[in-house]
Amino acid sequence: MTADFTKRLTETLLDRLEVLAWGHPRPLALHEPEFSGAEWDYVRDTLDSGWVSSAGSYVERFESQVAQACGVAHGVAVSNGTSALQVALHVAGVGADSEVLMPSLTFVATANAVSHTGATPHFVDVEKTTLGICPKALADRLDAIGERRSEGLFNRETGRRIAAIVPVHIFGHPVDVDGLMAVANSYDVPVVEDAAEGLGSLYKGRPCGSYGTISALSFNGNKILTTGGGGVVVTDNADLAKRVKHLTTTAKRPHAWDFEHDAIAWNYRLPNLNAALGCAQMEQLPDRLARKARLARRYAELFRDFDGAAVFSASPDCVPNNWLNAIVLDEERAGARDALLDATNSAGFHTRPIWRPMHSLTMYADHPRGDLSVTNEMVSRVICLPSSAHLADTHNGVPQS
């Protein structure tokens, strides 16, 4: 790859982003929160009533809204997405002396949540088409190290029980759910879905968050909807939901005045004030998804003939929530990634690479792993682009519908 081509690629990328950003002030953030509904009214109501902590009507309302959006029966609101995944893993049976199969190409919270249970993250490769766990790579890894015993499936190399598989829906694009579930079911390993980025995404018409035994979502400030900081555990299993609520409320047994706690637990409940914000946000989910889809189509149009990269797009079976838009550099152009990131950020466009793979981080460098050749390739090719929903609202000053 020549310096001249990198220069042309950079200039073309900046030109396309300028067209998209026409009329919008700089810097252009990667993903901004948006509050255009009843947020002020609902939050003011919690302040006026004094119900601002972990009890209050908005908490249960928010839990119900999220569960319904995910197509499941139960939701439990917690303090953030990491704690949601940690507790989901815990009640699914993940703990010390166990391993959890997960992609290396994910945000660090996925691996951290596994580690907080006392378990060991075990990394498998991803697909280029989804950036999520590759079912074939998963099956190959289990074939290589799996040993069936009466107590379950074990890693014959480490002696630890394989307690769960955690798929991640990267940028809101669903993994190959059918392929992954077929492998998980054949080995009888539960799936705990990391749907932190997947609210509103569909795989074959069914919402992300509804495929695992139990699933976790994030409502951090950079997600498609936000509670400022928060997460929700969702499941169809009433017993698991009850257990999650109990453990995230310090395992306090109900009583009018006594303090009896029956387990070592956490104070992870979401405050009513944040839940009020979430209720107003959830009311805007259909509109937000429509606008994000419009922005994704705009990116597809702008980059249709882009020499050197292509827009990362959904598979035919999926309707993503389009949380983040990204381009994937051609394999031979991967060396231009850092120059493109430098140029776009200097010009006021907050572009970002995909996360560093977990196996490249110091604390996870010696963890078990399968072949990660696709992961290692794709990390140098993906660039995330400004994806705030308001970018879909105008084009060259003309309102879009």
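The values are calculated or read from the model by the stated rules, or taken from the named source; none is laboratory data. The structure displayed is predicted, hence computed values, not measured ones. Methodologically, a virtual Cβ is constructed for each residue, glycine included, from the backbone with ideal geometry; neighbour enumeration extends over all protein chains shown.
List the pairs whose first member sits in the range 80-98 and is closer than 18 Å to S54 by Cα, whose second member is among the basic types (K, R) and assigned to a helix (DSSP H, G or I), and whose Cβ atoms are under 9 Å apart, counting only residues at least 6 apart or on separate chains?
V87/R243
Quick one: in the range 267-292, which of the residues that are aliphatic (A, V, I, L, M) and crowded, with 18+ Cβ neighbours inside 10 Å is nearest to V66 (Cα to Cα)?
Taking the candidates together, the pick is M282.
Among the residues of the range 273-295, count how many are in contact with a strand residue (DSSP E or B) (Cβ under 8 Å, 6 or more places away or on another chain), within 16 Å of V232 (Cα to Cα) and aliphatic (A, V, I, L, M).
Residues in the range 273-295 being in contact with a strand residue (DSSP E or B) (Cβ under 8 Å, 6 or more places away or on another chain), within 16 Å of V232 (Cα to Cα) and aliphatic (A, V, I, L, M): 1 in total.
Could you check the range 102-125 and list, in sequence order, the residues that are in contact with a Ser or Thr (Cβ under 7 Å, 6 or more places away or on another chain), in a loop (DSSP other than H, G, I, E, B) and not polar (S, T, N, Q)?
Once the filter is applied, which keeps residues that are in contact with a Ser or Thr (Cβ under 7 Å, 6 or more places away or on another chain), in a loop (DSSP other than H, G, I, E, B) and not polar (S, T, N, Q), the range 102-125 yields L105, A119, D125.
Pairs, please: C-beta under 7 Å, at least 6 apart or cross-chain, first residue without any contact (Cβ under 8 Å) to a residue 12 or more places away in the chain and in the range 232-261, second in a helix (DSSP H, G or I) and exposed (fewer than 12 other Cβ atoms within 10 Å of the Cβ)?
Listed pairs, sorted by first residue: none to list.
R294 - would you say it is without any contact (Cβ under 8 Å) to a residue 12 or more places away in the chain, assigned by TED's automatic domain parsing to the domain that holds V379 and basic (K, R)?
For R294, the condition - without any contact (Cβ under 8 Å) to a residue 12 or more places away in the chain, assigned by TED's automatic domain parsing to the domain that holds V379 and basic (K, R) - is not met.
Suppose the filter is modelled with pLDDT of 95 or more, out of contact with any helix residue (DSSP H, G or I) (no Cβ under 6 Å at 6 or more places or on another chain), surrounded by fewer than 18 Cβ atoms within 10 Å (Cβ to Cβ) and not in a loop (DSSP other than H, G, I, E, B); does E99 pass it?
In short, no.
Under 7 Å between Cβ atoms, at least 6 apart or on separate chains: pull out the pairs that start in the range 124-153 with a residue that is over 26 Å from N325 (Cα atoms) and end on any residue that is modelled with pLDDT of 95 or more and part of a loop (DSSP other than H, G, I, E, B).
D140/G370; R141/G370; I145/R156; I145/E157; E147/R156; L153/D188; L153/V189
Please go through (1) loosely packed, with under 14 Cβ neighbours inside 10 Å; (2) at pLDDT 95 or above for P254 and return the number of the only condition it doesn't satisfy.
(2)
L202 - would you say it is touching a helix residue (DSSP H, G or I) at 6+ places or on another chain (Cβ under 6 Å), assigned by TED's automatic domain parsing to the domain that holds A96 and hydrophobic (A, V, I, L, M, F, W, C)?
Numbers: touching a helix residue (DSSP H, G or I) at 6+ places or on another chain (Cβ under 6 Å): no; assigned by TED's automatic domain parsing to the domain that holds A96: yes; hydrophobic (A, V, I, L, M, F, W, C): yes.
Criteria not met by L202.
So V374 fits all but one of (1) surrounded by 21 or more Cβ atoms within 10 Å (Cβ to Cβ); (2) of a type in the set (V, I, T); (3) within 30 Å of E99 (Cβ to Cβ); what number is the exception?
Exception for V374: condition (1).
What's the number of the condition A144 fails, among (1) buried (at least 22 other Cβ atoms within 10 Å of the Cβ); (2) in a helix (DSSP H, G or I); (3) small (G, A, S)?
(1)
Mind checking which residues of the range 365-379 are part of a helix (DSSP H, G or I) and not charged (D, E, K, R)?
S373, V374, T375, N376, M378
Just for the range 344-364: of the residues that are closer than 13 Å to S387 by Cβ and outside any loop (DSSP other than H, G, I, E, B), which one is farthest from the chain's Cα centre (by Cα)? I'd like the intermediate steps shown before the answer.
Just the residues of the range 344-364 that are closer than 13 Å to S387 by Cβ, to begin with: 349-352.
Among the residues that remain, those that are also outside any loop (DSSP other than H, G, I, E, B) are: 349, 352.
Values: F349: 22, R352: 16 Å.
Step by step, filter the range 344-364, then rank; the result is F349.
Do we find a residue being buried (at least 24 other Cβ atoms within 10 Å of the Cβ), of a type in the set (V, I, T) and out of contact with any Asp or Glu (no Cβ under 9 Å at 6 or more places or on another chain) anywhere in the range 8-24?
no
I'd like to verify a number: residues in the range 273-307 that are in contact with a Ser or Thr (Cβ under 8 Å, 6 or more places away or on another chain), outside any helix (DSSP H, G or I) and within 21 Å of R381 (Cα to Cα), how many?
The number of residues fulfilling the criteria is 2.
Would you check if A77 is of a type outside the set (D, E, K, R), part of a helix (DSSP H, G or I) and more than 30 Å from D305 (Cβ to Cβ)?
It is false that A77 is of a type outside the set (D, E, K, R), part of a helix (DSSP H, G or I) and more than 30 Å from D305 (Cβ to Cβ).
Which of the residues belonging to the range 28-52 are among the β-branched types (V, I, T) and in a helix (DSSP H, G or I)?
Result: V43, T46.
Can you report the number of residues in the range 151-165 which are over 12 Å from V100 (Cβ atoms) and of a type in the set (S, T, N, Q)?
Number of matching residues: 1.
For the range 116-143, which residues satisfy the criterion of being among the hydroxyl-bearing types (S, T, Y) and touching a strand residue (DSSP E or B) at 6+ places or on another chain (Cβ under 7 Å)?
T120
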